[in-house]
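What follows is a single structure, written as structure tokens, with notes after it.
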Amino acid sequence: MIYLETTTSRVYKRREMLPRRDSFIWKIESGVVRSLTWTEDGQVICSGLWANGDVIGSELTNLRPYEMECLTDVQLTDVPRSQWGDYVDEIIRHSQTKEFLLKISHCRAKDDALRQLLGWLTYRFGEDDRHGRLIGLQLTHQELADLIGSTRVTVTRIINDLEKVGFISRKGRKLLFLAESADQWHYEI
């Protein structure tokens, strides 16, 4: 008798933590998830931002502790270990994203790190706007700081500086990259 493993779709709400599941990864159908760990003294380290088409799961990391938090409402599809071979491109992209974020978190000049991160966010989550590209994902200054290994105060200062020199502007709670500076922000993994 042959047993076929089937996939199931699940929905999680904004700010819910995804459970750890052995022998499964998830494919994100909609929404955004951030993966994170923390140091012994409680400093949060964000290891990734994942969205439509990405795969996530505790099976893709050796980090302990490791958590996955929904930044928006999220719809996921379970992918059993027997089907992981169908997701090689997504698993490679997962690894490349983690390496990119590791690199910018170790950048000594946090203004450079934040510019690189914002460029990637614009590429990955950007929406066209008549004045430039709008980052469709609303991240707090603390969440941005966690991604680059900095402090909220430093991120706020850098964003204010970038706004003063005309690289970005604010549109509500979102950041808008102005069209004339778009070439300086493009970053692709």
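Within segment 67-164, considering only strands (runs of 3 or more DSSP E) that don't extend past its boundaries, which have at least 3 residues that are open to solvent by 70 Å² or more (accessible area, probe 1.4 Å) and on the phi < 0 side of the Ramachandran plot?
none
Quick test of your reading of the structure: G42 fulfils all but one of (1) farther than 30 Å from S169 by Cα; (2) open to solvent by 60 Å² or more (accessible area, probe 1.4 Å); (3) out of contact with any strand residue (DSSP E or B) (no Cβ under 9 Å at 6 or more places or on another chain). Name the failing condition by number.
It is condition (2) that G42 fails.
Filter segment 55-66 for residues that are touching a strand residue (DSSP E or B) at 6+ places or on another chain (Cβ under 9 Å) and open to solvent by 10 Å² or more (accessible area, probe 1.4 Å); which is nearest to L139 (Cα to Cα)?
The residue in question is Y66.
The values are calculated or read from the model by the stated rules, or taken from the named source; none is laboratory data. As the structure is a computational prediction, the values presented were derived from the model and not from experiment. Please note: Cβ atoms are built from the backbone with ideal geometry, for glycine as well, and neighbour counts cover all protein chains shown. For the accessible areas, the whole protein counts, side chains as well, though only heavy atoms, and no ligand, DNA or RNA atoms are used. Shrake-Rupley method; radii C 1.70, N 1.55, O 1.52, S 1.80 Å.
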